[in-house]
Amino acid sequence: DIQMTQSPSTLSASVGDTVTITCRASQSISPWLAWYQQKPGKAPNVLIYKTSSLESGVPSRFSGSGSGTEFTLTISSLQPDDFATYYCQQYKTLSTFGQGTKVEIK
Amino acid sequence: QIHLVQSGAEVKKPGASVKVSCRASGYIFTTSGISWVRQAPGQGLEWMGLIRVYNGNTNYAQKFQGRVTITTDTSTSTAYMELRSLTSDDTAVYYCVRDRYGLPLDYWGQGTLVTVSS
């Protein structure tokens, strides 16, 4: 199975900050990388797919980039609704999730 | 509207099996797959396996090989996930989710809490 390593595990930030989350794969998975947001008690929602494609209805402050084995999710101008946990997922070969990054209020 | 509705919470003893159902509506069931993802309390998401509904072919994460079986009943648009030889480490919320082969997971069930306790 492909392993996904996500960092950091926790990130403290303020409203208006720009934050970046990194995801590394154990082998090349380009471009089959997605990002999800999860809030407590809810199922995840997809934000980004195919590395950098924005899911319909997702605000443009979310963006994704990367290639090969290294990928990033950037949230520009963090909003109160963005405090949540974020997961990367490879879907090149079956599926694997990263361990998650909790974005909390500083 | 697309909905995936799962069966209710379960409490099982160690060593037992559990079978969770997931009824899909709002799309043609055979045109997508169904993946199962679980989440232990306070932990991350863990992909368990996938069924390609149109032909019934399955793939499982290495960790669950031999212990999990995913099936479907196309007559009722329902997917099932059975997990055997339960231990306390299997206590988690289990989600079914539509899998569109090469696209991200989009519609999720509401989750089913499985508690394993003696």
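Here is how the numbers come out for the structure above:
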{"item": "Residue with peak Gaussian network fluctuation, chain B [Cα springs, cutoff 10 Å], from B:S35, B:S25, B:S75", "result": "B:S75"}
{"item": "log₁₀ of I(q)/I(0) at q = 0.22 Å⁻¹ - the range B:53-96, Debye sum with one point per alpha carbon", "result": "-0.87"}
{"item": "For chain A, convex hull of alpha carbons as volume per residue, Å³", "result": "88 Å³"}
{"item": "Greater than 22 Å apart at Cα, pairs in A:K39/B:K13; A:K42/B:K13; A:K42/A:K102; A:K102/B:K19", "result": "A:K39/B:K13; A:K42/B:K13; A:K102/B:K19"}
{"item": "Trypsin sites (Lys or Arg not before Pro) lying in DSSP loop within the range A:1-92, provided at most 12 other Cβ fall within 10 Å", "result": "A:K42"}
{"item": "Convex hull per residue volume in Å³, alpha carbons only, for the range A:57-106", "result": "106 Å³"}
{"item": "Quarter of the Cα convex hull surface for the range B:1-107, i.e. its orientation-mean projected area (nm²)", "result": "6.8 nm²"}
{"item": "Anisotropy class of the range B:1-58 from Cα gyration tensor, a/c 1.5 cut", "result": "prolate"}
{"item": "Reachable lysines from B:K12, criterion Cα separation under 23 angstrom, eight or more residues apart if same chain", "result": "B:K63"}
{"item": "Label-reachable residues, the range A:75-106, where backbone N falls under 15 Å from a point 7 Å from A:S28's Cα toward its Cβ", "result": "A:92-93"}
{"item": "Percent of Cα pairs exceeding the 31 Å cut-off, where the set is the protein assembly as shown", "result": "20 percent"}
{"item": "Label-point separation in nm, B:V5 to B:Q110, each point 7 Å along Cα→Cβ", "result": "0.9 nm"}
{"item": "Environment charge at B:K63 (Cβ cut-off 14 Å; Lys +1, Arg +1, Asp -1, Glu -1)", "result": "-1"}
{"item": "Calculated FRET value between A:T93 and B:Q43, using beta carbons and R₀ = 22 Å, to 0.05", "result": "0.45"}
{"item": "More than 14 Å apart - percent of Cα-Cα pairs taken over the range B:77-118", "result": "58 percent"}
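Readers should treat all values here as calculations from the given coordinates under stated rules, not as data from a laboratory. Predicted, not measured: the structure shown is a model, and the values here were computed from it. Using ideal geometry, Cβ is built from the backbone for each residue, glycine included, and neighbour counts are taken over all protein chains shown.
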